[in-house]
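For reference, the structure discussed in these notes is given below.
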Amino acid sequence: MFCYQCEQTAGNKGCTITGICGKNPDTAALQDLLVDVAKGVSKYATRARHLGVLEDSVDDFVTEALFTTVTNVNFDPERLAGMIRDGDTIRARARELYEQACRQAGQVPEMINGAATRELRTDLDGLIEQGNLVSIRERLGGLGADLTGLQELLIYGVKGVAAYAHHAHVLGHEDPEVFAFIHKAMDAVTRANPTLDELFGLNLECGEITVRVLALLDSANTSSYGHPEPTEVLWGCVPGKAILVSGHDLKDLEELLKQTEGKGVNVYTHGEMLPGNSYPGLKKYKHLVGHYGGAWMRQRNEFSQFPGAILMTTNCIQEPRQDYKNRIFTSGLVAWPGVDHVSNRDFSRVIEAALAAPGFTESSGEKKVTIGFGHHTVLSLSDKVIDAVKGGAIKHFFLIGGCDGAEPGRNYYTDLAEAMPQDTVALTLGCGKFRIMDVEMGDIGGIPRRLDMGQCNDSYSAVVVAQALAKAFQTDVNGLPLSLVISWFEQKAVCILLALLHLGVKDIRLGPALPAFITPSVLNVLVEKFGIKPISTVEEDLPAMLNKNAA
Ligand code: FSO
Ligand code: SF4
């Protein structure tokens with residue numbers, strides 16, 4: 001196997017023996033083959049679309065296949081093989097649509113080879129063998145590290161876009177332009193002679209589409225559940241039977257809340273589900289009692305101690321310990337071999353498991369955390385914020401957000417929040433927020449010094465707020481007293497980074513380590529054009545950030 005798609009990749013080079021995430025070589029091969037099938041489908045789909053033909057099943061397959069291969073989503077060989085087999089049918093359908101459209105337009109269909117025509121074996125071992133033949137390693141050999149790295153940057157960005165598109169789709173919101181780009185990009189990465197310029201261009205276009213899909217998801221979430229509002233959330237537990245919901249899928253949370261109503265079971269959020277507590281359409285359920293635990297990589301300890309049922313709705317799942325394997329469930333695209341998978345949002349088995357478990361017998365105490373500062377709330381405070389900046393009460397903003405992870409270097413983000421001068425404000429989002437949630441930050445004239453904007457899925461809020469502030473101060477985002485300090489882990493963070501580059505945001509600090517697929521020469525271009533910097537130490541970075549506009 002060879003995989004270097006996430007930040008915890010072995011030795012910051014690539015997982016080759018087994019994944020640090022728990023992905024074994026067979027699963028890695030099947031994921032590679034699934035991505036390959038998605039490329040094949042996309043080759044037909046992008047050409048059919050040019051001729052005015054599209055079909056939902058084709059769009060949905062590619063989106064789901066890509067989200068499935070995001071880090072910490074699906075580890076189950078049987079489910080992956082099932083998706084590959086479905087992909088074979090979809091690929092044939094996409095080809096049929098393309099060829100029909102050609103006939104109608106009086107054109108001769110292009111001869112398309114490789115991923116589009118690869119004959120798939122039917123048995124699991126055969127699929128694993130085929131997956132090994134399409135691994136990145138094969139392409140690294142042929143194209144070299146720079147081009148392959150830029151192709152992979154694009155594929156990972158598109159995986160992130162697919163994840164966000166899938167979340168919006170679950171709530172009934174779609175954008176054909178997003179599907180069109182996903183197909184275009186997945187077709188482009190199969191071209192035989194790519195150039196660096198072409199791939200840079202496509203990566204920036206991926207950033208543009210990310211802004212678009214984030215706006216789509218924002219409107220899907222807020223039209224379904226209202227705008228997040230400032231909310232004090234219990235961070236702990238109360239006596240009673242309990243279900244813990246992790247991941248990012250608000251629709252799963254809503255359905256679970258409906259199905260547990262009146263059943264005597266309390267529902268808690270975990271990890272990236274925390275912002276669920278701030279949506280009017282979700283917090284109205286009184287048995288959504290609070291949040292339990294921290295970011296995803298603490299789950300093995302936290303789930304062991306949680307005396308109820310657990311539901312994983314999206315990334316990031318880790319190998320379940322035996323002591324909770326019979327009370328953890330997966331839904332949607334998430335899967336782990338041997339873990340009960342819920343279909344069609346029928347959570348009855350989850351509820352049964354919660355009722356059979358002991359539940360909490362004591363209350364944890366009164367610890368609370370305030371969340372709910374999406375763009376709607378922050379913009380409603382904008383007059384206050386602008387006055388505070390003009391009057392000198394607020395001197396600087398930091399966006400400290402992104403993903404959390406297990407590496408010790410991530411203490412940087414906590415240290416930064418602790419060292420921030422009292423006249424500065426932190427905007428935060430993503431599970432990276434758990435690095436700064438314990439820091440006592442207080443407020444500036446009623447404006448909290450830590451504004452939690454939600455999940456990584458809510459990054460659109462940061463874009464809207466930054467653009468509104470830039471407008472108010474008649475500058476661009478780079479002219480604001482704002483520094484972006486991003487922690488990355490997986491591929492959704494990749495597309496958000498591309499979005500920031502597309503928006504022209506400069507001097508982003510990125511950590512804890514730079515992506516292994518970014519080669520030194522590609523990094524040089526990113527440094528030259530965008531001033532991207534790896535994080536250093538808080539002592540070194542903080543003064544530089546505070547003085548960014550001094551010159
Ligand atoms: Fe975190 Fe995991 Fe939300 Fe990621 S829970 S690391 S970027 O999947 O999605 O922030
Ligand atoms: Fe390694 Fe990350 Fe790939 Fe898992 S997803 S195999 S940890 S690079």
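Values quoted throughout were computed directly from the atomic coordinates according to the rules given, and no laboratory measurement underlies them. Model, not experiment: these values are computed from the prediction. Counting neighbours? That spans all protein chains shown, and the Cβs are built from the backbone with ideal geometry, glycine included.
Just to be sure I understand: of the beta bridges DSSP finds with both ends in the chain, what percent are antiparallel, rounded to 5? So the antiparallel bridges in the chain amount to around 15 percent. Each listed q (0.12, 0.13 Å⁻¹) maps to a log10 I(q)/I(0) for segment 213-303, found by the Debye formula over equal Cα scatterers with no solvent: -0.35, -0.41.
If you wrap the Cα atoms of segment 9-60 in a convex hull and average its projected area over all directions, you get 4.8 nm².
Counting only DSSP beta bridges with both residues in segment 349-503, what percent are antiparallel, rounded to the nearest 5? Walk me through the intermediate numbers first.
Working: 2 of 15 bridges.
Given both bridge residues lie in segment 349-503, the antiparallel proportion sits at roughly 15 percent.
Filter the chain for me: DSSP H helices, axial length by Cα at least 27 angstrom, mean Kyte-Doolittle hydropathy not below -1.0. List them by residue number. Could the numbers behind the result be given before it?
Values: long enough: 25-50 (37 Å, -0.25); 77-105 (41 Å, -0.89); 145-170 (37 Å, 0.49); 196-225 (43 Å, 0.45).
Span-like helices in the chain: 25-50, 77-105, 145-170, 196-225.
For q values of 0.14, 0.21 Å⁻¹, compute log₁₀ I(q)/I(0) with the Debye formula on a Cα-only model of segment 231-356, without solvent. Reported log10 I(q)/I(0), two decimals: -0.50, -1.25.
In percent, rounded to a whole number, the relative contact order of segment 408-479 is 27, using alpha-carbon pairs under 8 Å and six or more apart.
Convex hull over the alpha-carbon atoms of the chain: what's its volume per residue in Å³?
145 Å³
Calculated mean residue ellipticity at 222 nm for the chain: -15000 deg cm²/dmol, from DSSP H runs with n ≥ 4 weighted as -39500 (n - 2.57), summed, divided by the residue count and rounded to 500.
What the pair-distance distribution of segment 10-224 shows, using all Cα-Cα distances binned every 10 Å from zero, is 8, 33, 38, 18, 2, 0 percent.
Taking the mean number of other Cβ atoms within 10 Å as a proxy for protection, how do you rank 529-540, 396-407, 212-223, 452-463 from highest to lowest? Walk me through the numbers on the way to the answer.
On the way: 529-540: 14.7, 396-407: 23.4, 212-223: 21.6, 452-463: 26.7.
So the order, starting with the most tightly packed, is 452-463, 396-407, 212-223, 529-540.
Specify whether the C-alpha gyration tensor of segment 331-434 places it in the rounded, prolate or oblate class, a ≥ b ≥ c being the square roots of the eigenvalues: rounded for a/c under 1.5, otherwise prolate if a/b is larger than b/c and oblate if not. Because a/c hits 1.5 or more and a/b exceeds b/c, segment 331-434 counts as prolate.
When a/c reaches 1.5 or more, the comparison of a/b and b/c decides; with that in mind, is segment 509-551 rounded, prolate or oblate per its Cα gyration tensor?
Details: a/c = 3.96, a/b = 1.59, b/c = 2.49.
It comes out oblate by the Cα gyration axes.
The value of relative contact order for the chain, using C-alpha pairs under 8 Å at least six residues apart, is 17 percent.
Please state, rounded to one decimal and in Å, the Kirkwood hydrodynamic radius that segment 44-166 gives when every pair of distinct Cα atoms enters the mean of 1/r. Kindly include the intermediate steps, with their values, before the conclusion.
Details: mean 1/r = 0.0622 Å⁻¹.
Taking the inverse mean of 1/r over all distinct Cα pairs, segment 44-166 comes out at 16.1 Å.
Cα centroid separation, segment 151-226 to segment 46-81: 12 Å. In a shell of Cβ-Cβ distance under 12 Å around GLY504, excluding GLY504 itself, what net charge do Lys and Arg (+1) and Asp and Glu (-1) give? It works out to a net charge of -1.
Rounded, prolate or oblate: which one fits segment 145-213, using the alpha carbon gyration tensor with axes a ≥ b ≥ c (rounded when a/c is under 1.5, else prolate when a/b beats b/c, else oblate)? The shape class here is prolate. Scoring 145-154, 188-197, 17-26, 77-86 by mean Cβ neighbours within 10 Å over their residues and listing the highest first yields 145-154, 77-86, 17-26, 188-197.
Using the Kirkwood radius over C-alpha pairs as Rh, can you work out the diffusion coefficient of segment 375-546 via Stokes-Einstein at 20 °C, viscosity 1.002 mPa s, in µm² per second? Mind showing how you got there, number by number?
Details: Rh = 16.2 Å.
Taking Rh from Cα pairs, D becomes 132 µm²/s.
Computed over the alpha carbons of segment 453-551, Rg followed by Dmax gives 13.7, 39 Å. Evaluated on segment 411-468, the Kirkwood hydrodynamic radius is 11.9 Å, with distances taken between all distinct Cα atoms.
Out of every Cα-Cα pair that segment 195-236 contains, those further apart than 11 angstrom amount to 72 percent. Sparse packing (at most 12 other Cβ atoms within 10 Å of the Cβ) combined with a DSSP loop state is found for the following GluC sites (Glu not before Pro) in segment 363-466: GLU366, GLU440. Cross-link pairs exceeding 29 Å in C-alpha to C-alpha distance, out of LYS39/LYS325; LYS368/LYS533; LYS184/LYS492; LYS433/LYS548, comprise LYS39/LYS325; LYS368/LYS533.
Determine, at each q value in 0.13, 0.19, 0.23 (inverse angstroms), the log₁₀ of I(q)/I(0) that the Debye formula gives when each Cα of segment 447-500 is one equal point scatterer. So the normalised log intensities are -0.36, -0.76, -1.05.
Taking a Cβ cut-off of under 11 Å around GLY531, the surrounding Lys, Arg, Asp and Glu residues balance to a net charge of +3, with basic ones at +1 and acidic ones at -1. Peptide packing: for 230-240, 247-257, the average count of neighbouring Cβ atoms within 10 Å per residue gives the ranking 247-257, 230-240, highest mean first.
For LYS263, give me every one of the aspartates and glutamates with a C-alpha distance below 19 angstrom, ignoring sequence neighbours fewer than eight places off in its own chain. Here the aspartates and glutamates satisfying the reach criterion relative to LYS263 are ASP252, GLU254, GLU255, ASP346, GLU352.
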